[in-house]
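This report concerns only the one structure given below.
Just so you know, all these numbers are worked out from the coordinates, no wet-lab data involved. If you're wondering where the values come from, they're calculated on a predicted model, not measured in any experiment. Backbone-built Cβ (ideal geometry, glycine too); neighbour counts: all protein chains shown.
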Ligand SMILES: [Zn+2]
């Protein structure tokens, strides 16, 4: 999947959340990583999303809150199934 076309970008975006959560199979992870290496636009979007999530999770960890509440919040963060 090295050709740059729109369907590759759509595929990559469909897997964005799972990619960031490392919930893809190793094969899928590799495909996304390969796409990000050749597609500057997706790479930028992915990096942006990753840094937003990272900052959010880091801030949540600094807050004193019951562990189960935290994990509930974290599990709800990126849920955009089928939209966009
Ligand atoms: Zn792309």
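Here are the numbers for the structure shown:
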{"item": "Filter result (within 10 Å of the ligand (Cβ to nearest atom) and within 24 Å of residue 77 (Cα to Cα)) within the range 36-49", "result": "36, 41, 42, 43, 44, 45, 46"}
{"item": "Search result, residues across the range 34-46 that are surrounded by 14 or more Cβ atoms within 10 Å (Cβ to Cβ) and in contact with a helix residue (DSSP H, G or I) (Cβ under 9 Å, 6 or more places away or on another chain)", "result": "35, 36, 39, 42, 43, 45, 46"}
{"item": "Any hit, the range 45-54, residues being more than 11 Å from the chain's Cα centre (by Cα) and over 13 Å from residue 8 (Cβ atoms)", "result": "no"}
{"item": "Every pair of residues 6+ apart whose Cβ atoms lie under 7 Å, when the first sits in the range 29-42 and is under 9 Å from residue 9 (Cα atoms) while the second is near the ligand (Cβ under 8 Å from one of its atoms) and not in a helix (DSSP H, G or I)", "result": "39/4"}
{"item": "Count of residues meeting criterion [surrounded by 15 or more Cβ atoms within 10 Å (Cβ to Cβ), more than 12 Å from the ligand (Cβ to nearest atom) and within 13 Å of residue 77 (Cβ to Cβ)] in the range 8-24", "result": "3"}
